[in-house]
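Participant: Please see the structure below; I have some questions.
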Amino acid sequence: MKSLALVLAAASLPAAAADFGTYTINGETVALTHGCTVVPHVDGVGFGKPEAIVLLSSKPLDCDAYASWVNPASGAFDDAVDEGDGGLVALDVGAGPKLSRISVYGVGYTLGNDSCDGCTAKIEAGGAGLRGSVATTAPLWDGKLTLDAKFDLPKGAGPAKGESLAGGGDPGKAYLAYLAAYNEGDYEALRTLMPEGEAEEDFGWYSDEERREGIKSQASGMVPKTAKVTDAWKIGNGALLVTELPSPHGDDMRYRGYASLAFDGKAWRVREHKIAWGEPIE
């Protein structure tokens with residue numbers, strides 16, 4: 001059996017600091033010096049699952065860790081933008097290979113999920129990797145952004161599977177507890193089940209009397225009361241769950257759902273929760 005490290009390396013391979021081009025937004029140019037590819041497990045955005053996501057950033061990327069995210073670009077955003085105060089470009093690559101979607105993130109802006117009609121893109125498979133370039137022919141997003149990116153990066157043959165968790169294991173239990181805490185308005189439980197400080201940021205401003213009902217009102221229509229974990233993998237210090245969810249709207253429909261969790265050394269915390277509204281289960 002391959003070691004977990006080798007499985008991870010096959011799915012998301014980082015590159016050392018290099019020249020991956022630039023983008024310019026509102027007159028400010030950002031040099032892209034770090035890059036890697038991640039092969040995602042699921043459609044994390046809702047526009048079809050890409051065959052690979054090319055991540056290019058002005059800050060270091062921990063691409064092995066992004067394999068356990070529902071949307072790997074969200075993990076890169078945390079590192080490069082939220083923590084690093086830098087810039088990030090995510091290029092979704094579909095069959096062909098061809099560019100299927102582009103997103104650009106930085107401090108104070110999120111410009112994403114555009115099909116990049118104003119781009120010239122050349123992407124080709126090279127051995128075990130992807131190489132190519134993406135450049136704008138005219139500024140995107142109302143003239144805010146121009147891009148001139150290039151890459152030649154390794155690409156894994158498939159998503160990192162890590163360790164399969166029957167029934168979801170401990171991450172699955174934490175996710176079910178998270179759903180229950182939301183629906184019960186249990187603030188103290190959410191403080192341990194959400195990323196550190198996030199529950200305080202979202203709900204700490206409520207008065208003690210209003211907080212429970214405030215949390216429950218946010219759960220209404222958005223957070224189901226329970227879930228069935230159908231697939232789960234522990235990948236490094238993260239976990240990815242695939243679920244079947246009853247509709248939170250009270251009808252008889254069921255939907256595919258996804259969740260990503262991180263282990264903080266003591267407990268599993270839910271960092272992503274997504275209902276795939278476009279994937280009803282018959």
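Participant: Pop a pseudo-label 7 angstrom from the Cα along the beta-carbon direction at both Ser207 and Thr24 and give the gap in nm to one decimal.
Facilitator: Here the modelled spin labels are 5.4 nm apart.
Participant: May I ask for the angle, rounded to the nearest 10°, between helix 208-219 and the longest principal axis of the chain, with both axes built from Cα atoms and the value confined to 0 to 90°?
Facilitator: 60
Participant: How about the stretch 188-237: which chymotrypsin sites (Phe, Trp or Tyr not before Pro) there lie in a loop by DSSP and see at most 11 other Cβ atoms within 10 Å?
Facilitator: Passing sites in the stretch 188-237 are Trp205.
Participant: Sticking with this one: In percent, what relative contact order does the stretch 4-154 have, based on Cα pairs under 8 Å that are 6 or more apart in sequence?
Facilitator: Relative contact order of the stretch 4-154: 20 percent.
Participant: Among DSSP beta bridges whose residues both lie in the stretch 63-221, state the antiparallel percentage, nearest 5.
Facilitator: 100
Participant: Further question on the same structure: Taking the Cα centroid of the stretch 59-111 and of the stretch 23-46, what is the distance between the two, rounded to the nearest whole Å?
Facilitator: Between the Cα centres of the stretch 59-111 and the stretch 23-46 lies a distance of 4 Å.
Participant: Round to a whole angstrom and tell me the spacing of the C-alpha centers of the stretch 147-222 and the stretch 246-268.
Facilitator: Centre-to-centre distance over Cα atoms comes out at 8 Å.
Participant: Within the chain, which is the longest segment containing none of the trypsin sites (Lys or Arg not before Pro) that sit in a DSSP loop and have at most 15 other Cβ atoms within 10 Å?
Facilitator: Formally, the longest exposed-site-free interval is 3-143.
Participant: Let me ask something else. Per DSSP helix of 4 or more residues, -39500 (n - 2.57); summed, then divided by the residues of the chain. What does that give at 222 nm, rounded to the nearest 500?
Facilitator: -5500 deg cm²/dmol
Participant: Right, something else. Arrange Val89, Val223, Val270 by Cβ neighbour counts within 10 Å, fewest through most, would you?
Facilitator: Val223, Val270, Val89
Participant: Moving on to the next point. When only DSSP loop residues count, what GluC sites (Glu not before Pro) in the stretch 162-213 have their Cβ near at most 12 other Cβ atoms within 10 Å?
Facilitator: Counting only loop positions with at most 12 other Cβ atoms within 10 Å, the GluC sites (Glu not before Pro) in the stretch 162-213 are Glu196.
Participant: Taking 0.36 nm per intervening residue step and subtracting the Cα-Cα distance, what contour gain separates Asp117 from Asp152 on full extension?
Facilitator: That works out to 10.3 nm of additional length.
Participant: Using 10 Å bins from zero, what percent of all Cα-Cα pairs in the chain falls into each bin?
Facilitator: 7, 27, 32, 23, 10, 1, 0
Participant: Which residue, chosen from Pro224, Leu61, Leu99, occupies the Cα position most advanced towards the positive end of the dipole of the chain, where the dipole is computed from +1 (Lys, Arg) and -1 (Asp, Glu) charges on Cβ about the Cα centre?
Facilitator: Farthest towards the positive pole: Leu99.
Participant: Turning to a different aspect of this structure: Lys and Arg at +1, Asp and Glu at -1: add these up for the other residues within a Cβ distance under 12 Å of His34 and post the number.
Facilitator: -2
Participant: Here is a follow-up. Report the charge-dipole magnitude of the chain in Debye, nearest 20, computed about the Cα centre from +1 at each Lys and Arg Cβ and -1 at each Asp and Glu Cβ.
Facilitator: Taking the Cα centre of the chain as origin, the dipole is about 1000 debye.
Participant: With unit charges on the beta carbon (Lys/Arg positive, Asp/Glu negative), name the residue among Pro50, Ala138, Ala276 whose Cα is farthest towards the positive pole of the charge dipole of the chain.
Facilitator: Most positive-ward Cα: Pro50.
Participant: Counting other C-beta atoms within 10 Å, which of Asp92, Asp264, Asp252 has the fewest, and how do the rest follow?
Facilitator: Least crowded to most crowded, the residues run Asp252, Asp264, Asp92.
A short reminder: the numbers here are calculations on the coordinates, not readings from a lab. Being a predicted model, the structure only gives us computed values, none of them experimental. Backbone-built Cβ (ideal geometry, glycine too); neighbour counts: all protein chains shown.
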